[in-house]
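Values quoted throughout were computed directly from the atomic coordinates according to the rules given, and no laboratory measurement underlies them. Everything numeric in this text was worked out from a predicted model, so none of it was measured. Reconstructed Cβ throughout: ideal geometry from the backbone, glycine too, with neighbour counts over all protein chains shown.
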Amino acid sequence: MTLELEEYGCTIDELMVVTFSRAMDNDTKAFNGAVSFIPVCGYLLARRTHAPGLVWAASSIAIDADPPSIPESTLSDALWGGASMLATSAHDFWSYASGARYNTFAFRGAQIDAWGNVNNTVIGPYDAPKVRLPGGGGMADLGSMIPKIYLWNTVHNPRVFVEKLDFRSGIGWGDGGDHRERLGLPGGPQLCITNLCVFDFHPESHRMRVASLHPGVTVEEVQEATGFEVLVPDGEIPTTDRPTEEELRILREEVDPTGARLREF
Amino acid sequence: MTLELEEYGCTIDELMVVTFSRAMDNDTKAFNGAVSFIPVCGYLLARRTHAPGLVWAASSIAIDADPPSIPESTLSDALWGGASMLATSAHDFWSYASGARYNTFAFRGAQIDAWGNVNNTVIGPYDAPKVRLPGGGGMADLGSMIPKIYLWNTVHNPRVFVEKLDFRSGIGWGDGGDHRERLGLPGGPQLCITNLCVFDFHPESHRMRVASLHPGVTVEEVQEATGFEVLVPDGEIPTTDRPTEEELRILREEVDPTGARLREF
Amino acid sequence: MDKRMGIEQAVESIPDGATVALGGLSMNSAPMAYVREIVRQEKRDLTVVAIVAGMSVDWLIAGGCVKKVVSGLVSFEGLGLAPSFRMAVQSGAVEIEEYSEDLLICRLRAEAWNLPFVPTKAGLGTDLIPLHEQTGTIRAEVDRSTGEHYVACTRLPVDVALVHAHAADEIGNVRVDPKLIWMDNEIVNASQRTLVSVERFIDHGDVVAEPHRTSYPQFMVSGVSLAKLGAYPSSCFPEYGHHTAFFQEYSTAASDPESFSAFFADRIVKPETWEDFIRSCGGDEMATSIRRSAA
Amino acid sequence: MDKRMGIEQAVESIPDGATVALGGLSMNSAPMAYVREIVRQEKRDLTVVAIVAGMSVDWLIAGGCVKKVVSGLVSFEGLGLAPSFRMAVQSGAVEIEEYSEDLLICRLRAEAWNLPFVPTKAGLGTDLIPLHEQTGTIRAEVDRSTGEHYVACTRLPVDVALVHAHAADEIGNVRVDPKLIWMDNEIVNASQRTLVSVERFIDHGDVVAEPHRTSYPQFMVSGVSLAKLGAYPSSCFPEYGHHTAFFQEYSTAASDPESFSAFFADRIVKPETWEDFIRSCGGDEMATSIRRSAA
């Protein structure tokens, strides 16, 4: 495993966007929340490449937006250009979300555990927090309602990927196994894309499992950067697929010419 | 009781409208359904006389409408002129209705019983009706949600005012007494205005009681025209108050110059 | 994806036995062009969900398409009872499952929101509660915490919603203009598929130029069909009103059940296309008479 | 009834200890002119309901007005954490009752719709459920008919809703223009009283000319106050964006708690009127910089 990222002719932000993009398909109906540059770039790239029918509601509001570039906030109205509909009544949005008409959402989170549950509420005890975070916002809602959840984080370290969340703001696979099914919740987390690797989830235990390693990263490095024990599949772990020239060109020139995605790094 | 309606200088439709109008006040927030000419005229007359702050949503849609005349249907968009808001999403309407922001509604009904419950579903058994009527529509909803219910009917006879409804499409005072209170429902029917008299409701039993007789009508005639035993208050039963010249002029010239209210007769 | 399709093609996608929800409210905005085509294609055994309807349900029943009506109200308002509905329910030919407006909306929301039920205080103390003891679709409950009474309205699954609107682009973004959607969004949200007849197609560029005017996004819409005056004889606010004369003619014809079949076959079913039908109802002259000057 | 009133007069009607719901969503459309005046009038012990908020909650906390925050999220988004909120919760000076967006909306709907609870699947399997075992305001339930899990969200009573909008007439018909109401209608529907700051007054005749553009009818509105740029430093789509520089200046000042009090007193509290405050934030030049050309 001597391959390095430079040999891919791209940077880590680009690799993460392209990897995210490829996980999307023509049936994806997605929307985004705050500080979601990687997913937003991913949706736009997928729509311009292999998934022209992908639906994306910019800021959860501007359906099928087609912005000329990505502004400093992924909730900004500067992201809404070219939209076919502005849907900002709660009645509209939550009808589409709770009925899984929107089927895809991507989470970050100050903490992520082995089952893809997320915390954005507190570091430390809820009643006497060391750090009070913004709050879960829509995490508790969308984690329960949306069948295809993607996680991402550009800072893969043991403070983010923890053994135990200080607060479960949003559900991933819950306690693992058939927990979601028992609660009657659809689907669950599909992938977690980080700056070191791509995790998928074991089909039964629903624990995170290394699906591919980014060029130059070893499984030992991933384990070291992760606060819980990472599952490793049988056999050789593949390297994350290389972006095509065309994907990189579209991302750099059309989707995100100003490099807004770098705000996450 | 030799006073006749002619001595009032008005017709029965006018007396009913004026009586209805006077029951409204400045806090009335009303809306109307289909074939509701008497209440619609009453709301408009009240707003032009003693209740300038009265709110009326024409056809439940056009808030504060001020139509130049009343069209052939009280759900017609021809009734919506001059409105300040067109509120036709179910989310808007049912939020205002279920929270009793609208506080007043008026029912007719193919059958009305002694507690002001109404039937607009079937004549005869539900499963094998003699006459299938349109259905209760919003009766079951609004009877439960709206605190001030008014009933009216231009055809006071024993087929309309019945001992037992063939189907209770909308609740008035229910089984009487504290039935509404036990169900947690606000208010209840206030008056029932007919072509013969005005009923109010006994404060405890909530059965219909003659509150006033229209000129020339006797309590015996009312009883004869009613399929249930009508309550009579102690002492002399007043005659329904006489409309003022001004009320009649406004009704005839401004509110309903084309006489749409006569469609109910 | 180009979602434009003819009225005929759209209706061909509806199988016999389907649950079909009809948009509109009473004399307003009913999807009549689709409804007529359902009759022409002789669909059978439909369950028709119609919150507050009239001519739409009457045509489907007169056409022999209906097994069951799930409804709050079916009438021609001040213009009389819906004759075929009335006769068919009285004779037992068509089953009726009666609710109220809000009870139906709550059932549709339970379906749309993927919930076992949606609560309301509508219907408490009415005969709708005992009526549905058998169906189990709504039930009176008492909140265990406050002791309050409420009615739990369970899911109402719908195969196809049929609604009428003012305009759509080729990929199915629909504009109700102005955005007076009645209860149509409630049936759209609850339905597996939605077909929308529109007065006109507009360019996608027009949609993008004023995205706040879009009422249903393309991903909620399966097909859009051109039907000028497609709500006739009901209204399409603010463009045209309902056609009183048609309602009267229809009601008069229905007063004689014998001759009504012929009337229905000749006047409603026979015209080949929706345009032919509109022409047979008076065409441009009639259209001018019902158009609102305000439009 | 003429419902126009000054910002000062409107805020005077809010008693200490009231439950106040703030409109807007994150960096958008917060009722900042009202919020600043609450700080100036030194209201105390408020319970603040804010579904997704930022600067609005932070000002109220910095001003010492808040006893409890009932919220889904409080932050400056990509521009950082809300510093006063963060510090006050960490120190225990302000209590927080955390929900999620949909759980709060459902609680507001329970209040608006006069229901013991509104169900949702939001929050299932999260720590919000055990967290609220004490409050009892939301509780996990199992439907006795289908066995489905859901969360019952009980009423959230609100004394006053404060929202910002584009325009109102003198009797309180409010236009959000275009009609992008975020979740503001949910708090309006749940509140005893609603106060609306607006960018401009329009004539009642203008309202009547385009009644489909009205967002809140006059009978839902208790008072309307003129506040040009009244959502500043948050945005008011499509007229102006949020002011990044202000957020940055504020966050920088907050990094030193000592000097922050002086900054807050001087920059936020001191200016006599809202116009003075806007002037002190850069006035016309600043306004031009945040105005959208599209407006």
Max mean-square fluctuation residue, GNM over chain D, Cα-Cα springs under 10 Å, options D:H166, D:H132, D:H212: D:H212
Modelled label reach - B:N26, point 7 Å along Cα→Cβ, segment B:40-60 residues with backbone N closer than 19 Å: B:43-56
Cα gyration tensor shape of segment C:152-211, rounded if a/c is under 1.5, else prolate or oblate by comparing a/b with b/c: prolate
Distance between segment D:197-232 and segment C:37-57 - C-alpha centres, whole angstrom: 42
For C:Y240, residues with placed amide H under 5 Å, excluding near neighbours: C:R292
Label-point gap, in nm, between D:E133 and B:E245 - each point 7 angstrom along Cα→Cβ: 7.7
Inter-chain shielding of A:98-104 (mean C-beta neighbours from other protein chains, 10 Å cut-off): 4
Amide hydrogen neighbours beyond the local backbone of D:N28, cut-off 5 Å, H modeled: D:S235
Residues with amide H under 5 Å from that of A:G82, placed H, sequence gap 5 or more: A:D66
Cα-only radius of gyration and Dmax that characterise segment D:71-111, units Å: 12.3, 34
10 Å Cβ neighbours from other chains, averaged over peptide C:124-137: 5
Segment C:228-245 residues near the modelled C:F201 label - backbone nitrogen below 20 Å, point 7 Å along Cα→Cβ: C:228-231
Phi to ³J(HN,Hα) by Karplus 6.51 cos²θ - 1.76 cosθ + 1.60 over segment A:24-33, Hz, x for Gly, Pro: 8, 9, 5, 9, 5, 10, 10, 8, 9, x
Computed [θ] at 222 nm, deg cm²/dmol, chain C (DSSP H ≥ 4; -39,500 (n - 2.57); rounded to nearest 500): -8500 deg cm²/dmol
Chain A: relative contact order in percent, alpha carbon pairs under 8 Å with at least 6 residues between: 21
Per-residue average of Cβ from other chains inside 10 Å of A:123-135: 6
Residue and distance (whole Å) for the chain A Cβ nearest the axis that superposes A on B: A:H91, 2
Net charge of neighbours whose Cβ lies under 15 Å from the Cβ of C:R40, counting Lys and Arg as +1 and Asp and Glu as -1: -4
Cβ-Cβ FRET estimate between C:E8 and D:S13, R0 fixed at 51 Å, reported to 0.05: 0.25
7 Å along Cα→Cβ, label-point gaps from D:G92 to other copies, nm, shortest first: 7.5
Exam field: B:A128 pseudo-label spacings to other copies (7 Å along Cα-Cβ), nanometres: 7.7
Those GluC sites (Glu not before Pro) in segment B:1-108 that DSSP places in a loop and that have at most 11 other beta carbons within 10 Å: B:E4
Point-charge dipole on Cβ atoms (K/R +1, D/E -1) for segment B:2-264, about Cα centre, debye to 20: 840
Phi to ³J(HN,Hα) by Karplus 6.51 cos²θ - 1.76 cosθ + 1.60 over segment C:193-204, Hz, x for Gly, Pro: 9, 10, 10, 10, 8, 10, 5, 7, 8, 10, 6, 4
Highest to lowest packing among D:200-207, C:99-106, D:222-229, scored as the average C-beta count within 10 Å: C:99-106, D:222-229, D:200-207
Per-q log10 I(q)/I(0), segment C:176-237, q = 0.13, 0.17, 0.19, 0.26 Å⁻¹ (Debye; single scatterer per alpha-carbon; no solvent): -0.36, -0.64, -0.82, -1.47
Loop GluC sites (Glu not before Pro), segment C:14-79 (other Cβ atoms within 10 Å of the site Cβ: 13 or fewer; DSSP): C:E42
Whether segment B:11-153 is rounded, prolate or oblate, judged on the alpha carbon gyration tensor where a/c under 1.5 counts as rounded: prolate
Equivalent ellipsoid semi-axes, segment A:2-264, via Cα gyration tensor eigenvalues times 5, rooted, Å: 26, 24, 17
Estimated inter-spin distance, B:N157 and B:E253, nm [label 7 Å along Cα→Cβ]: 3.7
Semi-axes of the equivalent ellipsoid for segment B:113-187, Cα gyration tensor, largest first, Å: 21, 14, 12
Solvent-free Debye scattering, log10 I(q)/I(0), computed from the Cα coordinates of the protein assembly as shown at q = 0.05 Å⁻¹: -0.34
Sites A:H50 and A:Q223, calculated FRET efficiency, Cβ-Cβ separation with R0 35 Å, nearest 0.05: 0.60
Bins of 10 Å from zero: percent of alpha-carbon pairs in segment C:152-261: 14, 38, 27, 17, 4, 0
In sequence order, calculated HN-Hα J values of segment A:199-214 (Karplus, 6.51, -1.76, 1.60; Hz; x Gly/Pro): 9, 10, 10, 4, x, 9, 6, 6, 8, 4, 9, 5, 9, 7, 9, 5
Kirkwood-based Rg to Rh ratio, segment A:185-265, C-alpha trace: 1.04
Centre separation in Å (Cα based) which lies between segment A:97-119 and segment B:18-33: 51
Tail fraction, Cα-Cα pairs, chain C, threshold 25 Å, whole percent: 47
Distances in nm from C:S251 to the matching label points in the other copies, shortest first (labels 7 Å along Cα to Cβ): 6.7
Charge sum, other residues only, whose C-beta stays under 15 Å from C:P178's C-beta, Lys/Arg counted +1 and Asp/Glu -1: -2
